[in-house]
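Each reported figure results from applying straightforward, stated rules to the coordinates on display, with no laboratory input. Remember, it's a predicted structure, so these values are computed and weren't measured experimentally. Neighbour counts are summed over all protein chains in view; Cβ atoms, including those assigned to glycine, are modelled from backbone coordinates with ideal geometry.
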Amino acid sequence: MPPPFSLDGRIALITGGGQGLGLAIARGLAEAGAHVVLNGRNAERLEAAALSLRGDKLSAEALAFDATDETAVVAAIDTIARKHGRIDILVNNAGIRDRRALADTDAASTARLIEANLLGPAMVSRLALPLLQKSKAGRLINITSIAGHISRAGDASYTASKAGLTGLTKALAAEWGPLGITVNAIAPGYFATEPNRTMVEDPANAAFLAQRTSLGRWGRPEEIAGAAVFLASDAASYISGHTLAVDGGFLSHW
């Protein structure tokens with residue numbers, strides 16, 4: 001019997017995989033044995049990320065495309081089909097943030113956020129389905145947020161988009177279960193990633209997390225990888241439609 005968390009020989013596509021949590025997830029999957037395809041719009045950043053993984057004897061390649069552009073996604077899926085023949089693991093991680101109250105936004109900015117955080121993952125999932133079906137253990141993992149479960153003022157559009165992605169996860173679990181594909185989500189809490197540097201360096205946020213989370217601190221990017229490896233592995237073969245919060249106890253802490 002292979003180790004239950006082994007991903008040896010599996011092909012994983014991670015959107016938004018060039019930095020932050022996406023890269024941490026990609027590294028975790030690669031360390032478990034998967035060949036990871038890093039996606040993003042910045043080709044230079046992707047190549048550097050893939051090179052860093054290969055420098056650690058991990059299997060990785062870069063594939064730059066806009067995950068909200070259907071023509072680009074079709075071309076990317078065709079490239080993966082020609083090179084690898086299938087996708088075993090799809091991680092929809094690409095997204096954007098716009099921390100503004102709804103009254104301070106306009107229709108275009110709201111539409112742009114919904115497109116990136118909900119419509120894009122739905123489209124990538126739909127177009128990747130034929131390759132996921134060719135896998136003997138297809139896994140779809142959506143990266144949502146604790147904002148898909150709770151909310152705060154000044155973040156309405158983002159909260160709505162992540163709640164929608166949480167709902168899409170459940171819907172696709174129902175639709176794709178008969179195809180042998182599990183569909184789950186990871187809801188990160190507060191992580192000390194590069195895009196959050198300003199917040200991380202603010203002592204007020206550290207004080208907030210010390211009181212508000214059970215573990216009393218920011219999450220480290222590498223701490224999200226275990227959840228992704230678990231949900232992608234055979235150890236999670238009977239788990240579908242679930243959202244796993246990786247938040248230091250934020251959702252359960254009063």
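Odds and ends about this structure:
- Helices that extend 24 Å or more along their long axis by alpha-carbon positions and average at least -0.5 on the Kyte-Doolittle scale are, among the DSSP H runs of the chain, 156-176.
- Likely footprinting exposure, ASP104, ASP88, fewest C-beta neighbours within 10 Å first: ASP104, ASP88
- Straight-line reach from LYS83: taking Cα to Cα under 24 Å and skipping same-chain neighbours fewer than 8 places apart, the lysines in range are LYS57, LYS134, LYS136.
- Take each peptide in 32-38, 238-244, 206-212, count the other Cβ atoms within 10 Å of every residue, and average; sorted highest first, the result is 32-38, 238-244, 206-212.
- Within straight-line cross-link reach of LYS170, lysines at Cα separation under 16 Å, skipping those fewer than 8 residues along the same chain: LYS162
- THR198-THR79 pseudo-label distance in nm [points 7 Å out on the Cα-to-Cβ vector]: 3.2
- Formal net charge of residues neighbouring ASP155 (Cβ-Cβ distance under 10 Å; K, R +1; D, E -1): +4
- Per-residue Cβ neighbour rank within 10 angstrom, fewest leading, ILE96, ILE89, ILE11: ILE96, ILE11, ILE89
- For the pair the range 1-52 and the range 127-187, the centres of their Cα atoms are 19 angstrom apart.
- Packing-based ranking of 149-162, 113-126 yields 113-126, 149-162, ordered from highest to lowest mean Cβ neighbour count within 10 Å.
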